[in-house]
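Report on one structure; see the data block that follows.
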Amino acid sequence: MTSEQQPISKRIDNIVRNGLHPHLQRLGFRKRGRTFRRQCERHWEIVSVSGGQHNTNLDDGSIGSFGIELGIHFPPVFAIDGVELTREPGIHECYVCDGLALSGHAGFFDDFEGNDPTVEERTQMVSDAWSEQGEEWFAALSDYSAAYQWLRDRETWRESMYFAIYLNDKAGAAEALNHCRRAWGGLLLEHIEAIAARHGVVADKG
């Protein structure tokens with residue numbers, strides 16, 4: 001069986017092992033399954049690889065996808081939401097999170113079209129993507145203030161409020177709370193309001 005005839009999950013594992021793992025291993029990331037973690041002095045850095053929910057393998061071909069997420073977990077900011085983890089964080093517990101942009105069709109499988117990149121070509125694309133983006137992305141956003149500004153630029157207001165509280169930016173926290181009031185309702189907004197009140201965030205309700 002050639003590498004292109006293997007199930008998608010096996011192909012993804014090969015791509016990760018040869019195109020991504022060597023870079024992360026050099027930087028001190030520890031691997032568990034398809035998730036890589038590095039604990040730093042004030043935060044965690046996480047790289048997570050996931051296969052598409054509808055990956056399908058048939059006798060005459062496969063259709064599917066995979067993606068690579070980069071995330072930074074800031075424990076004291078995460079704790080403002082009322083949760084202190086007693087285990088290693090996951091990618092879904094990273095307020096700062098983005099996908100590694102892969103060139104061409106590197107992340108998509110469609111054997112029926114017959115013009116997919118080979119596993120070897122995909123592996124090189126993943127390696128190149130990490131070299132061009134990965135390490136620089138983490139370096140740029142591992143600072144709390146830089147992460148806060150990144151979230152504000154993306155109008156991610158709930159998480160922005162938590163960072164503002166941690167950084168004692170009272171005006172920024174109030175602004176973020178007002179945006180949350182316009183965007184959310186129900187139990188989620190009640191939760192956000194309770195956190196804001198607990199930390200003395202005062203915003204205009206008009």
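The values are calculated or read from the model by the stated rules, or taken from the named source; none is laboratory data. Predicted, not measured: the structure shown is a model, and the values here were computed from it. Note that each Cβ is placed from the backbone with ideal geometry, even for glycine, and that neighbours are counted across all protein chains shown. To get the accessible areas, we keep the full protein, side chains included, count just its heavy atoms, and leave off ligands, DNA and RNA. Shrake-Rupley method; radii C 1.70, N 1.55, O 1.52, S 1.80 Å.
Numbers below:
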| item | result |
| --- | --- |
| Wholly enclosed strands (runs of 3 or more DSSP E) of segment 1-79 bearing at least 2 residues open to solvent by less than 60 Å² (accessible area, probe 1.4 Å) | 35-39, 44-51, 61-73 |
| Residues that are modelled with pLDDT under 85 and within 21 Å of ARG17 (Cβ to Cβ), drawn from segment 59-103 | SER103 |
| Test for GLU132: is it open to solvent by 80 Å² or more (accessible area, probe 1.4 Å), at negative phi, in the same structural domain as LEU24 (by the TED database) and at pLDDT 95 or above | yes |
| So ARG122, is it open to solvent by 40 Å² or more (accessible area, probe 1.4 Å) and more than 17 Å from HIS43 (Cβ to Cβ) | no |
| Odd one out for GLU84, checked against (1) assigned to a loop (DSSP other than H, G, I, E, B); (2) surrounded by 15 or more Cβ atoms within 10 Å (Cβ to Cβ) | (2) |
| Neighbours by Cβ (under 8 Å, 6+ apart or cross-chain): first from segment 7-29, of a type in the set (Lys, Arg); second open to solvent by less than 60 Å² (accessible area, probe 1.4 Å) | ARG11/SER3; ARG11/PHE109; ARG11/VAL119; ARG11/ARG122 |
| Candidate set from segment 162-199 (those that are without any contact (Cβ under 8 Å) to a residue 12 or more places away in the chain and in a loop (DSSP other than H, G, I, E, B)); member that is least open to solvent (accessible area, probe 1.4 Å) | GLY185 |
| In segment 87-117, the residues that are open to solvent by 60 Å² or more (accessible area, probe 1.4 Å) and among the aromatic types (Phe, Trp, Tyr) | PHE108, PHE112 |
